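A.B. asks: Quick one: the structure is below, and I'll ask about it shortly.
The values are calculated or read from the model by the stated rules, or taken from the named source; none is laboratory data. The structure presented is a predicted model; accordingly, all values stated were derived computationally and were not measured. Note that we place each Cβ from the backbone using ideal geometry, even for glycine, and neighbour counts take in every protein chain shown.
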Amino acid sequence: MASTAEKLSGLSISDDCASCPNLQKNLGILSPDEVELAKTLLHEGQSHLFDHWPDLGVDDDKKKGFLKQVALLNSSYPGGLVQYIQNARKLLADSKAGKNPYDGFTPSVPSGEVLTFGDDSFTMLEDAGVREVHKAAFVLVAGGLGERLGYKGIKLALPSEITTGRCFLQHYIESILALQEASCRLAQGQCQAEIPLVIMTSDDTHAPTVKLLESNSHFGMKPSQVKLLKQEKVACLDDNDARLALDLNDKYKIQTKPHGHGDVHALLYSSGLLNEWQNAGRKWVLFFQDTNGLLFKAIPAALGVSSTKGYHVNSLAVPRKAKEAIGGITKLTHTDGRTMVINVEYNQLDPLLRATGHADGDVNCETGFSPFPGNINQLILELGPYTEELTKTRGAIAEFVNPKYKDSSKTAFKSSTRLECMMQDYPKTLAPSAKVGFTVIDTWLGYAPVKNNPEEAAKVPKGNPYHSATSGEMAIYRANSLILRKAGIQIADPMIDAFNGQEVEVWPRITWSPKWALTYADVKRKVSEGSSISQKSTMVINGQNVFLDGLSLDGTLVVNAVDEAEVKVTGRIQNNGWALKHVDYKDSSIPEEIRIRGFKIDKVEQLEMSYSEPGKFCCSS
Ligand SMILES: O=c1ccn([C@@H]2O[C@H](COP(=O)(O)OP(=O)(O)O[C@H]3O[C@H](CO)[C@H](O)[C@H](O)[C@H]3O)[C@@H](O)[C@H]2O)c(=O)[nH]1
């Protein structure tokens with residue numbers, strides 16, 4: 001006869017439980033849902049998870065805690081744990097067999113939109129992008145720990161540059177708010193008043209991200225405008241049968257690891273936000289990453305490309321140096337005729353090329369760059385087709401597994417592994433009719449991430465980008481200097497200096513708040529010819545209506561102005577300015593976010609002008 005517990009749980013003494021006596025004797029403490037979950041695990045060959053379960057009455061809370069974790073793992077994966085285990089078995093078998101995920105495909109260089117900063121087409125696209133952006137939603141993936149950078153805090157809290165100390169999140173939010181305002185102005189009343197921002201966090205980044213937002217009044221965004229979606233980790237796998245790995249220190253816990261930024265699609269789908277946005281008439285979703293201080297300089301034109309070309313998927317790319325740690329955008333043609341344009345991740349591009357007749361693998365061509373544009377993981381998706389696709393897939397993204405085998409028999413792993421996925425693999429499931437394109441922009445304009453610690457950055461081969469806090473900051477000054485130079489201001493040539501073992505160009509430290517200029521046309525409207533800025537100078541513009549006209553700057557100038565104040569900056573301004581001082585990344589007396597750059601700023605002297613009242617002003621020394 002079945003026991004009461006078994007009747008309650010809807011089980012008779014089934015084959016499932018008979019095969020797992022340690023689970024069977026504990027059924028009395030489990031709810032029907034928990035029993036279902038346990039049964040699911042048994043069906044999927046996971047009885048080892050219960051092998052060590054003692055008799056009823058011992059560790060009962062821990063047993064319940066274990067099933068709580070199983071429930072979370074089950075609910076946070078599209079298709080649940082059964083799907084996860086089945087996907088894992090298949091991918092592990094392919095990996096063991098040495099199957100190439102690109103089997104049957106031949107890579108070639110795709111053609112896409114190549115933009116030239118500042119030309120007529122670029123200006124037209126920027127204008128189109130700004131007009132369109134009030135119909136967009138932004139999604140920032142920020143669940144990564146940034147292990148390569150090794151910074152203790154979250155990367156969003158790192159200053160993008162230390163002249164103003166504006167952290168990445170502040171810069172991103174201010175950029176979105178400035179776009180919102182500019183777009184609404186152009187749309188003349190036809191506009192979605194608030195552009196939503198979603199931030200994907202993880203257990204590693206969630207609490208500090210909330211704290212960063214709350215302690216800074218959401219950097220000016222309405223709290224309701226920002227939504228956080230937390231990604232969960234996935235279960236680790238112990239062997240080729242996809243047996244889930246128990247924590248070595250706690251047998252009532254399954255080991256988990258991050259599943260990758262591809263989770264963002266399933267999370268957006270399950271959050272219901274896509275439908276909400278569609279119902280509100282939104283048209284675009286823009287995905288971006290945690291540390292690219294230049295990105296928003298490329299957003300208007302890139303969105304302009306999407307809207308004028310009608311792209312369902314538009315990936316932003318930059319010219320790529322061979323072996324640079326960014327994926328290559330590649331056209332793949334299958335022997336059966338299928339083609340797709342997709343990111344081939346940096347660790348897969350070289351083997352794919354070698355396997356398809358390119359004996360040298362991932363190398364530069366005569367241009368000094370890889371022929372494959374580098375994916376910077378800024379994706380612009382058209383919301384309608386995106387929602388339609390996710391309704392079919394529930395946001396599941398093609399996964400991969402990367403086990404480190406103990407030996408060539410490929411039967412045991414050095415440590416547990418897990419499935420991973422990447423957000424840029426979204427187009428892999430699309431029908432051939434989907435309009436998938438990409439847009440190449442200059443690296444100096446749009447891509448300067450902060451990923452590598454000083455030691456690793458110093459080892460980067462000469463000519464390849466460092467992707468460090470040093471290079472990320474210097475790239476902002478360089479881009480601003482080059483933009484102003486193109487707009488007609490005389491900007492002195494940079495100096496070459498080395499910080500934390502990395503040789504970089506040091507341009508004048510020029511920064512502006514996003515509301516000063518979002519596009520090249522904005523910049524041109526605000527500067528007149530006849531101005532000059534020396535190499536040792538620093539210029540900070542915090543304000544919308546600040547105009548440079550006949551300025552000669554040799555030192556530091558900071559201008560703060562409310563929107564209603566129209567300020568003309570003119571004449572010769574000279575002072576001792578702000579100097580960059582070398583610091584060593586090993587000097588722990590200096591805050592980490594400073595020393596990872598290799599310099600600090602010695603603020604010797606400046607002219608700071610603040611305009612807090614409406615009116616017309618002239619700023620001069
Ligand atoms: O589980 C994760 C892992 C990462 N991230 C976020 O995803 C972004 C990208 O993570 P990494 O910086 O670690 O990414 P990689 O450098 O490995 O590579 C990615 O970014 C590169 C450009 O910076 C290339 O585009 C490459 O093809 C793409 O996979 C970051 O904002 C990170 O916070 C998550 O949200 N969750």
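A.B. asks: When you scan region 517-531, do you find a residue that is surrounded by 21 or more Cβ atoms within 10 Å (Cβ to Cβ) and within 20 Å of LEU149 (Cβ to Cβ), even just one?
C.D. replies: No, that holds for no residue.
Quick grid of which residues meet (1) under 22 Å from MET474 (Cβ atoms); (2) assigned to a strand (DSSP E or B):
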site: GLU529; (1), (2): no, no
site: LYS536; (1), (2): yes, no
site: PHE547; (1), (2): no, yes
site: ILE573; (1), (2): no, yes
site: LYS586; (1), (2): yes, no
site: GLU593; (1), (2): yes, no
site: SER610; (1), (2): no, yes
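A.B. asks: Working only within region 97-117, note down all residues that are assigned to a loop (DSSP other than H, G, I, E, B) and of a type in the set (Gly, Ala, Ser). Reasoning before the result, please.
C.D. replies: Start the filter on region 97-117 by keeping residues that are assigned to a loop (DSSP other than H, G, I, E, B), which leaves 97-104, 109-112, 115-117.
ALA97, GLY98, GLY104, SER111, GLY112, listed by residue number.
A.B. asks: Quick check on LYS414: is it assigned to a loop (DSSP other than H, G, I, E, B) and of a type in the set (Lys, Arg)? Break it down stepwise before answering.
C.D. replies: Working: assigned to a loop (DSSP other than H, G, I, E, B): no; of a type in the set (Lys, Arg): yes.
Taking the combined requirement at face value, the residue does not satisfy it.
A.B. asks: Conditions: (1) closer than 19 Å to TRP284 by Cα; (2) surrounded by 15 or more Cβ atoms within 10 Å (Cβ to Cβ); (3) at pLDDT 95 or above. GLY384 meets all but one. Number of the miss?
C.D. replies: Looking at each condition in turn, GLY384 falls short on (2).
A.B. asks: In addition: Test LEU145 against the stated conditions and say whether it is within 13 Å of the ligand (Cβ to nearest atom) and surrounded by 22 or more Cβ atoms within 10 Å (Cβ to Cβ). It would help to see each step written out before you state the result.
C.D. replies: Details: within 13 Å of the ligand (Cβ to nearest atom): yes; surrounded by 22 or more Cβ atoms within 10 Å (Cβ to Cβ): no.
It is false that LEU145 is within 13 Å of the ligand (Cβ to nearest atom) and surrounded by 22 or more Cβ atoms within 10 Å (Cβ to Cβ).
A.B. asks: Hey, could you check region 351-369 for residues that are among the acidic types (Asp, Glu) and out of contact with any strand residue (DSSP E or B) (no Cβ under 9 Å at 6 or more places or on another chain) and say which is farthest from GLY463 (Cα to Cα)? Step through it out loud before you land on a result.
C.D. replies: Applying the first criterion (among the acidic types (Asp, Glu)) to region 351-369 yields 360, 362, 366.
Subset that is out of contact with any strand residue (DSSP E or B) (no Cβ under 9 Å at 6 or more places or on another chain): 360, 366.
On the way: ASP360: 19, GLU366: 15 Å.
Result: ASP360.
A.B. asks: For region 166-186, check the following and say yes or no: at least one residue is in a strand (DSSP E or B) and either surrounded by 19 or more Cβ atoms within 10 Å (Cβ to Cβ) or within 15 Å of the ligand (Cβ to nearest atom) (or both).
C.D. replies: Keep residues of region 166-186 that are in a strand (DSSP E or B), which gives 167.
Now restrict to residues that are either surrounded by 19 or more Cβ atoms within 10 Å (Cβ to Cβ) or within 15 Å of the ligand (Cβ to nearest atom) (or both): 167.
Yes, that holds for at least one residue.
A.B. asks: Any residue at all in region 346-366 that is part of a strand (DSSP E or B) and within 16 Å of the ligand (Cβ to nearest atom)?
C.D. replies: Within region 346-366, none of the residues are part of a strand (DSSP E or B) and within 16 Å of the ligand (Cβ to nearest atom).
A.B. asks: Is there any pair with a first residue in region 153-171 that is in contact (Cβ under 8 Å) with a residue 24 or more places away in the chain and a second that is of a type in the set (Val, Ile, Thr) and in a loop (DSSP other than H, G, I, E, B) whose Cβ atoms are under 7 Å apart and which are 6 or more apart or on different chains, and what are they?
C.D. replies: Final answer for the pair search is ILE154/THR205; LYS155/THR291; LYS155/VAL450; LEU158/THR291; LEU158/VAL450; PHE168/THR291.
A.B. asks: Kindly evaluate LEU158 against the criterion of being aliphatic (A, V, I, L, M), more than 14 Å from the chain's Cα centre (by Cα) and surrounded by 18 or more Cβ atoms within 10 Å (Cβ to Cβ).
C.D. replies: yes
A.B. asks: Which number in (1) within 19 Å of LYS428 (Cβ to Cβ); (2) more than 16 Å from the ligand (Cβ to nearest atom); (3) part of a loop (DSSP other than H, G, I, E, B) marks the one condition that ILE326 misses?
C.D. replies: Only one criterion is unmet by ILE326, namely (2).
A.B. asks: Any idea which of SER513, SER537, SER531 is farther than 30 Å from ASN453 by Cα and at pLDDT 95 or above?
C.D. replies: After applying the criteria, what remains is SER531.
A.B. asks: For region 249-290, which positions are surrounded by 20 or more Cβ atoms within 10 Å (Cβ to Cβ), over 19 Å from the mean Cα position of the chain (by Cα) and hydroxyl-bearing (Ser, Thr, Tyr)?
C.D. replies: THR256
A.B. asks: Cβ-Cβ under 6 Å, sequence separation 6+ or interchain: first residue in region 208-237 and closer than 15 Å to ILE173 by Cβ, partner crowded, with 18+ Cβ neighbours inside 10 Å and of a type in the set (Ser, Thr, Tyr). Which pairs?
C.D. replies: Within 6 Å, the pairs are THR209/THR201; LEU228/THR201.
A.B. asks: Among the helices (runs of 4 or more DSSP H) contained in region 440-489, which hold 3 or more residues that are among the small types (Gly, Ala, Ser) and in contact (Cβ under 8 Å) with a residue 60 or more places away in the chain?
C.D. replies: Per the criteria, 469-486.
A.B. asks: Out of the residues in region 438-475 that are within 16 Å of the ligand (Cβ to nearest atom) and among the β-branched types (Val, Ile, Thr), which is farthest from the chain's Cα centre (by Cα)?
C.D. replies: Looking at residues that are within 16 Å of the ligand (Cβ to nearest atom) and among the β-branched types (Val, Ile, Thr), I get VAL460.
A.B. asks: If you don't mind, another one. Looking only at residues in region 414-436 that are crowded, with 21+ Cβ neighbours inside 10 Å and either away from the ligand (no atom under 16 Å from the Cβ) or hydroxyl-bearing (Ser, Thr, Tyr) (or both), which one is nearest to ARG89 (Cα to Cα)?
C.D. replies: Among them, the one singled out is THR417.
A.B. asks: Please specify each residue of region 367-397 satisfying the condition of being of a type in the set (Ser, Thr, Tyr) and not in a helix (DSSP H, G or I). Break it down stepwise before answering.
C.D. replies: So the first thing to find is which residues in region 367-397 are of a type in the set (Ser, Thr, Tyr), and the list is 367, 370, 386-387, 391, 393.
Passing the criteria: THR367, SER370.
A.B. asks: Residue pairs, Cβ under 6 Å, 6 or more apart or interchain, first in region 348-373 and β-branched (Val, Ile, Thr), second modelled with pLDDT of 95 or more and exposed (fewer than 14 other Cβ atoms within 10 Å of the Cβ). List them.
C.D. replies: none
A.B. asks: Let me ask another. Do the conditions hold for ASP94, that is, is it more than 16 Å from the ligand (Cβ to nearest atom), charged (D, E, K, R) and in a helix (DSSP H, G or I)? Working first, answer last.
C.D. replies: On the way: more than 16 Å from the ligand (Cβ to nearest atom): yes; charged (D, E, K, R): yes; in a helix (DSSP H, G or I): yes.
Yes, satisfied.
A.B. asks: Please give the strands (runs of 3 or more DSSP E) falling wholly within region 231-321 in which 1 or more residues are within 12 Å of the ligand (Cβ to nearest atom) and on the phi < 0 side of the Ramachandran plot.
C.D. replies: In region 231-321, the matching strands (runs of 3 or more DSSP E) lie at 284-288, 313-320.
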